[in-house]
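Notes follow once the structure below has been shown.
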Amino acid sequence: PEFFIGVLVLITIRCNSGGLHMEHFTTCLLFTLTFMLLSVIVLPAYVPVPDVMKPIILALCTLTTFLTAPVASKKRPPAAPEAKRRYRNRATVLLFIYSICIIILKTTPIADICFWIIVLQTLQLLCAVIAQKGGNNEKINSSLLFKICSLCIAMAAMMTTGVISYCFWGEPEYPTED
């Protein structure tokens, strides 16, 4: 069930925010499988994120999506400004709703999976914006706010893992067997 909930969350966000588009079916399939493997199995199991950091990271992801979405395939005709605004607003509202649910559910498996799906979707959305040449995203690429959000997401991710995490949060709590 976790996998299907993850797919549902990803589809609802991705259909509204867009993202990276691969040239070939095989590349797309491998990217999607890797994305789902990371967000459903690997990251929730091996990269615990402190509850204090989740709202900050999710707020940055929501803001980044608001600033960058939608990112459509170059093969599609350009969308009208009104349609772009609707997609952007829908993606932002969805991320806000999912973020509230994740914060309420705390560290349940579904909340962790949804958290990583949002983070990875935001990161690949940033990659898609950077990969696009020209178009309406030139202003976003040069925007100071966009660069600050990108840096903050990277810093937040670094603060939740490894030695840096130990410096910020101290020794992690391990469950004790009673």
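What are the ³J(HN,Hα) couplings of the range 43-56, residue after residue, when phi is run through the Karplus curve with 6.51, -1.76, 1.60 and θ = phi - 60°? Round to Hz, x for glycine and proline.
5, x, 7, 10, 10, x, 10, x, 4, 5, 7, 4, x, 5
Answer rounded, prolate or oblate for the range 1-75, using the Cα gyration tensor with square roots of eigenvalues a ≥ b ≥ c: rounded when a/c is under 1.5, else prolate when a/b is larger than b/c, else oblate.
Note, shape of the range 1-75 comes out oblate.
Just read off the accessible area of VAL42 with the full protein assembly in place, 1.4 Å probe, to the nearest 10 Å².
The accessible area of VAL42 comes to roughly 50 Å².
Find out how many positive minus negative residues lie around CYS28, taking Lys and Arg as positive, Asp and Glu as negative, among other residues whose Cβ is under 13 Å from that of CYS28.
Summing Lys and Arg as +1 and Asp and Glu as -1 gives +1.
Local charge sum around ILE57 (other residues, Cβ-Cβ under 13 Å, Lys/Arg +1, Asp/Glu -1)?
-1
What are the ³J(HN,Hα) couplings of the range 92-100, residue after residue, when phi is run through the Karplus curve with 6.51, -1.76, 1.60 and θ = phi - 60°? Round to Hz, x for glycine and proline.
5, 5, 4, 4, 5, 5, 4, 4, 4
Can you list the residues, at least 5 places off or on another chain, whose amide H is less than 5 Å from the amide H of VAL71, using H built in the peptide plane?
Under 5 Å from the amide H of VAL71: GLY18, GLY19.
Could you derive backbone 3J(HN,Hα) for the range 60-76 from the dihedral phi with the Karplus parameters 6.51, -1.76 and 1.60 (θ = phi - 60°), listing whole Hz in sequence and x where the residue is Gly or Pro?
Rounded to whole hertz, the list is 5, 5, 5, 5, 4, 5, 4, 6, 10, 6, x, 10, 9, 5, 5, 7, 8.
The values are calculated or read from the model by the stated rules, or taken from the named source; none is laboratory data. Since this is a predicted model, take the numbers as computed values, not measurements. Methodologically, a virtual Cβ is constructed for each residue, glycine included, from the backbone with ideal geometry; neighbour enumeration extends over all protein chains shown. Side chains are part of the model used for accessible areas, which takes the heavy atoms of the whole protein and leaves out ligands, DNA and RNA. Shrake-Rupley method; radii C 1.70, N 1.55, O 1.52, S 1.80 Å.
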